[in-house]
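**Student:** Take this structure, written in structure tokens, and hold onto it; I'll ask about it next.
Rule-based calculations on the coordinates, nothing more; no lab input. Keep in mind it's a predicted model, so treat the numbers as computed, not measured. Ideal geometry is used to build each Cβ from the backbone, glycine not excepted, and the neighbour counts take in all protein chains shown.
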Amino acid sequence: MASPPDPGSLTVVAATRLEARAARRALPGVRVVRAGVGLSRLVAAAGLGGAVVACGLAGSLRADVDTGTVLVPERLVGPDGTERACDPVLVAALVAGARRLGLEPETRPLATTSTLVVGAAREALAASGCVGADMETALLRAERLATVRVVLDTPARDLSAAWRRPATALLRPAAWAQLPWLALEGPRCARRAAAVLAAALAPTIGPGAPPRRPGPGTGGPRTPPSGRPSPRRSR
């Protein structure tokens, strides 16, 4: 069986500046590519090669998958409905990394969509068996691919449709009320995703300090019920 990649052979793909900054801080020396939402900044999605992990935020499609829940899907569903499996060794490493931090990840499928999923669209995608959605992972082409995402928005904490156009969202009053919450939870969730990936790579780095438990800087003790600490790690 193939082993998890060493940090020097891994490419981390992050959509936004926020997600890329969190990954770079948690993973010094690891190649981090800021790909843009929907891979809009990535010149050649097929040119990454090797082992690739998409790291960042996702939206929940189910009421029982709350903000802060770690998603490490075993399967992806693309915008056209095509399914593909994530690399099982990378998935196992990410699951183990989450558990080292006291977090039990959700491994059911993730949907990659061409637009931000809000409102009734969440329920429609959930009916396909997916628990979360992003706009990048299933579009990537790599020899080995996996993703670690942390849920930000949910059916109960929906986003305004104005956020489908981030560049103009601030011109629309419907988006203003959500800014304080997004400013708090967005960075927190991005740091948590990066921390899980760092913990997943820890066994390949060799002896040293154990991974830091996810305190306030990584989303810490505010873990919601569906992202609750694993019983084996709870205090």
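**Student:** Where does each of 67, 115, 137, 16 land when they are ranked from fewest to most other beta-carbon atoms within 10 angstrom? Don't skip to the answer; put the middle values down first.
**Tutor:** On the way: 67 23, 115 13, 137 30, 16 18.
Least to most surrounded, the residues fall as 115, 16, 67, 137.
**Student:** Could you line up 184, 39 from fewest to most neighbouring Cβ atoms inside 10 Å? The partial results should precede the final answer.
**Tutor:** Values: 184 11, 39 20.
Ranked by crowding around the Cβ, least crowded first: 184, 39.
**Student:** Based on other C-beta atoms within 10 Å, arrange 57, 10 from fewest to most. Let's see the in-between values first.
**Tutor:** On the way: 57 25, 10 22.
Exposure proxy ranking, most exposed first: 10, 57.
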